[in-house]
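Enquirer: Got a structure for you, written out below as structure tokens; questions coming shortly.
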């Protein structure tokens, strides 16, 4: 190494260029030989450390920025090739501006700053963030250079306190090395001065030669101490063995790690030292195997070593082992340097866990389930054994989450995962698919499809029963259920992972529709209905945008068959399928949120109808159905006001029909909204009264003007005493609360006669008039006015 040569060159030049007496020449040769031998040993040691160390090191001229020397680690890191960095300017590597880089070199030269963080550009153009420890060093020839140690810290997070502490310790170490280097230079100057004086006085030359020899020994000892201190300061495991694998030197970190701080380790092999570490840990056992690989390959080897610690854990080290050989090819020694990568491996493990497992429950996530399901399907197709896929959705979990908060919801989900996991085979895979959905994969159940279906149903029913048991949470009993969809694989017609999941999802929704907390198997008819529903949803959105909706009205009559009002009904005139019943598309609109837009459309058309000349002077009332989603949506009152203002309709001739579930849900908000709308003059009617909640307390709290008896009570009331009693009870309630009544679904004269014998009310049904388009309804009103 050129820089190391410069430490020893002055002494050789002095002895070469000065004349001495021939009589003293042998003594001088002896002294020079000793010094040269020590210098060579020192040079070899420093050169080996400099070139083989894994840390990037450079010598840089502070003024020009030229790279005077760089070790092999620098060549590998920057990618310029062996020796190609020497002579280049550091400005080519540092991504900062040349002026800024020069200013930082000046700070390092004046020792105002020794630690830097720079963006460095590699040979391939990649930018890496590095930390640089740089200190000025004056060589024996008087040249001042900057000695820099460079570490790649791209992506590494360092706490500010740790960074400051590390910086201070490193600056103290560099300061110490600088002072020692200056001291060494002064010692060398004294040696040179002694050599010059020796040329004048022969006797003094002998004395001074001995002094120089002693000083050289001390200097060598000092340099050895410096090297030892430098190695001890490294945060790496550094070990040096001889050609027979016996420890010769190790830094403090290595001794502490292996528990050898109080042990005389020199001259012992790994196996011998392992038995001094205690029975609980044999950290060195097996390490000699990697040494043999390096010797046999006659080249450096890189391995990962797991080293147990005193607390029962283990650390992972990225270790490089470099074999050294004599000139004759025999083994000289082995240098081993290991860097702690435990945190990096833990971070990689955590990244893998987050990529494939649910962080809340610890179960496999959707990604891992897809991989295992694809594998299970492939195995099933080869083996002929059927498997099953179960999709579980917790019933009423959203209600629990809203009522008790997300913390309680998360605790319940974890408890569900634990309860389900306790019931499974080792080969089964339980996954949290998202939200409150869990997916269970049962591979290779049976080669017979019917037996596989029976076994899958048995598992599904068992899980459903397990989840039906209440969960104890903070002294509270949390009761849930689960709707479970099941599908078998492989299907005769094939089907990939996404198709299987879609089938299980379809079956689960069928279980929801059938009343929840039950098990349903996928059938092709289910998929057909699901696809039809999806297509209907898309076409419904198109219908809203392209004016395919129609407003129909069904009149309401009194006992004298005089028209008193009408209910506004929505119809969809499909361009290919014709008139579509509301029962087919209203549930879809409710689920997708389109019901809000449809409700506004009906309200606006009904208000415009009230302002038409045929109805403007009529006392007829128009009833409009309001869905819970529309009613509870923020801004509903403002939209009603806007529509009334836009159309000029009389609010007192409007009746909003609402369901009992809407009235009960969010009762305080409902009271406020209905009261504010009633202040505008709008009436309220309870639709399908008697089919919902049994509590009637809301009737006296809310501004209810009308009850509509559901058609299910009217249908058999004339012949069924039970239905007749229910109708009488509803009429009694309405009479006591002074609320009007509308009988819905009146289709026969017997039904009309039964109702007429009770109390005055309005009648609505096919017996009087079917729902009809706006034009026909207006003509009916006109005919009534003419005949009247």
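Enquirer: Give me 223, 425, 212 ranked fewest to most by other Cβ atoms within 10 Å of their Cβ, as a rough exposure proxy. Present the calculation step by step, with values, prior to reporting the outcome.
Expert: Working: 223 19, 425 9, 212 25.
Lowest count first: 425, 223, 212.
Enquirer: Okay, moving on. Sort region 535-787 into rounded, prolate or oblate with this rule: let a ≥ b ≥ c be the square roots of the eigenvalues of the Cα gyration tensor; rounded if a/c is under 1.5, and if a/c is not under 1.5, prolate when a/b is larger than b/c, oblate otherwise. List each step's numbers first, then the result.
Expert: Values: a/c = 1.37, a/b = 1.20, b/c = 1.15.
Here region 535-787 falls in the rounded category.
Computed from the coordinates by the stated procedures, all read-outs in this text should not be read as laboratory data. Treat the numbers as computed from the prediction; the structure is a model and nothing was measured. Positions of Cβ are backbone-derived with ideal geometry, glycine not excepted, and every protein chain shown enters the neighbour counts.
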